[in-house]
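Report on the following structure.
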Amino acid sequence: MAFTDIINGFKDKNILIVGDMILDRYILGKVNRISPEAPVPVVDVTSESYMLGGAANVANNIIALGGNVTVSGVIGKDRPGDVVRELLAEAGIRSDGLIEDNRPTTVKARVIAQNQQVVRFDREDCRKLDGKPLAEFLEYIRKSLPQFDAVIISDYRKGVVSAPLVKAIVKFARQNKTFVAVDPKVGHFHLYKNVSIITPNIMEASQGSGIEIRDESSLLRAGRALLAKLACKSVLITRGEEGMSLFEREGRSVRITHIPTVAVKVFDVTGAGDTVIAAFTLAHVAGASLHDSAIISNHAAGIVVGEVGAAVTTPERLIRSLKTHKH
C-alpha cells in the first residue's frame, strides 16, 4: 500500500490506550525578588493552565493523526479528575474506560518563570491497582476489546500497569487478533511478555535487556535479547539523532532494519515517544508492514522534535514529509 493510502486509512481505526493518566498543571509567572523568609524566588503568578499528560498524550497524538481513541486508566474522585474528563471531552477522546479510585488523580505541577522551570511538585499515589478497581478495569477490557483495532499500553509506573493487567490484555487480544503495542518504563520490562511490539529508547532498551548500548554491536545484542526475554514479535528501539532500529521475529531468525532520522532540527524531544507509538500503531492496523510503520512513525517523530513542547502532527504534514524524502 502507498503511504498516502495508509495515512488516509487512519480515520477508520479505533485505538484503546491503557495506562497512567496524568494531569499536567502549568503555573506561569515572573520573578522580581527573593523571599525575605528564605533564599528562594518569589513568583508572581500571571496565569495557570492544564494539559493532558501520560497515557492521555498518546491519545492526543492518535486524535491529531485522524484516528479514533478511547482511554482506560485511573483517576481520583477529585477536582483534578474532573479536569481530566473535561480535557478529554474537549479533545474528542472517549473516556469510557476511566475508573475512579480512592486515590488522588496524578498531577504534575510546574512553576515556570522567565521561561525557566522554578520547581515541580507531584501529587500521586503509585500503589498497584487491586481489588474492585482492578476487577472493573479487567472487565471493561474483556468486554470492549473486540471493538478496537489495537491496544497501546502507556506505562508511567503510576500503579495501573501490572502483571495481571498485561496478561489479561494479551489473552483477550490473542482471542480477537488485536495488535498490542507497549511504550515501556524501566523496571517494568518483565511485565511485557508476548505483546506485539515494544518501543523503548536507547536508555530503556539498555536497562531492559541488561546490555549497555554503546555501539552497533551492543545495539544488536540488546534488541535480540529483548525479543528473546519478552517473547514479543518485534522491538522498535528509538535512537534520537541516530533514527531507530526495528527488530522483527521471522521464524527462528531476526530481521533487523536501521532507519535514519529525518529530523532537520531538534528543539525538544518531549513527547516524541508518544508520537512514535501512536503513528506506528495506526499505520500498522491501517495495513502497513512493520517496516513501513516504522518509517511512518520516524517521520512523525521528525516533525514533532522540531517544535517546542509535547507537540503532535497531522496526516497532512506526515504525507508531506514522506513525499519529501525518498525511501
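Taking packing as the residue-averaged number of other Cβ atoms within 10 angstrom, the listed peptides 252-261, 13-22, 49-58 run from highest to lowest as 13-22, 49-58, 252-261. The alpha-carbon of residue 171 sits under 30 angstrom from the alpha-carbons of these lysines, leaving out residues fewer than 8 places away in its chain: 11, 13, 128, 132, 143, 158, 185, 193, 229, 233. Simple point charges give the picture: +1 on the Cβ of Lys and Arg, -1 on the Cβ of Asp and Glu, and for segment 178-249 a dipole about the Cα centre of about 380 debye. Overall form of segment 111-259: oblate. Here a/c, set by the Cα gyration tensor axes a ≥ b ≥ c, is 1.5 or more, and a/b is not larger than b/c. When you restrict to C-alpha pairs under 8 Å that are six or more residues apart and normalise by the size of the chain, the relative contact order lands at 17 percent. Between the residues 198, 325, 93, the greatest Cα displacement towards the positive end of the dipole of the chain, with unit charges on the Cβ of Lys, Arg, Asp and Glu, is found for 198. In segment 164-274, the DSSP beta bridges split such that about 70 percent are antiparallel, to the nearest 5. Could you check what % of the DSSP bridge pairs in the chain are antiparallel, to the nearest 5? Restricted to the chain, the bridges split so that about 50 percent are antiparallel.
Could you sort 3-12, 99-108 so that the peptide with the highest average Cβ count within 10 Å comes first and the rest follow in order?
Values: 3-12: 17.3, 99-108: 19.1.
Averaged packing, sorted descending, gives the order 99-108, 3-12.
The amide H of residue 118, built 1.01 Å from its N in the peptide plane, has 111, 112, 113 as neighbours under 5 Å, considering only residues 5 or more places off or on other chains. Coupling constants for segment 156-172 follow from the phi torsions by the Karplus curve (6.51 cos²θ - 1.76 cosθ + 1.60, θ = phi - 60°), and in residue order they are 10, 6, 9, x, 7, 7, 9, 4, x, 5, 5, 4, 5, 4, 4, 4, 5 Hz; glycine and proline get x. Dipole of the chain computed with +1 at Lys/Arg Cβ and -1 at Asp/Glu Cβ about the Cα centre; of 133, 208, 253, farthest Cα towards the positive end is 253.
Under a model in which nothing but the beta-carbon of Lys, Arg (+1) and Asp, Glu (-1) is charged, segment 124-178 shows a dipole of about 240 debye around its Cα centre.
Using only side-chain charges placed at the Cβ, +1 for Lys and Arg and -1 for Asp and Glu, the dipole size of the chain relative to its Cα centre rounds to 820 debye. For the chain, the longest principal axis of the C-alpha atoms and the axis of helix 55-64 are separated by about 70°. Can you tell me the orientation of helix 315-324 relative to the chain, as the angle in degrees between its alpha-carbon axis and the longest Cα principal axis, to the nearest 10? Once rounded, one gets 60 degrees.
As a length-normalised measure over Cα pairs under 8 Å and 6 or more apart, the relative contact order of segment 158-312 settles at 17 percent.
Residue-wise HN-Hα couplings along segment 174-180, as the Karplus relation 6.51 cos²θ - 1.76 cosθ + 1.60 with θ = phi - 60° gives them from phi, are 5, 5, 9, 6, 9, 6, 10 Hz; Gly and Pro carry x.
Beta-bridge orientation, segment 1-72: approximately 70 percent antiparallel, per DSSP, counting only bridges with both partners inside.
Highest mean first, the peptides 217-226, 151-160, 167-176 sorted by other C-beta atoms within 10 Å per residue fall in the order 151-160, 217-226, 167-176.
Each reported figure results from applying straightforward, stated rules to the coordinates on display, with no laboratory input. Note that the structure is a prediction, hence the values are computed from the model and not measured. A quick note on method: Cβ atoms are made from the backbone with ideal geometry, for glycine too, and the neighbour counts reach across all protein chains shown.
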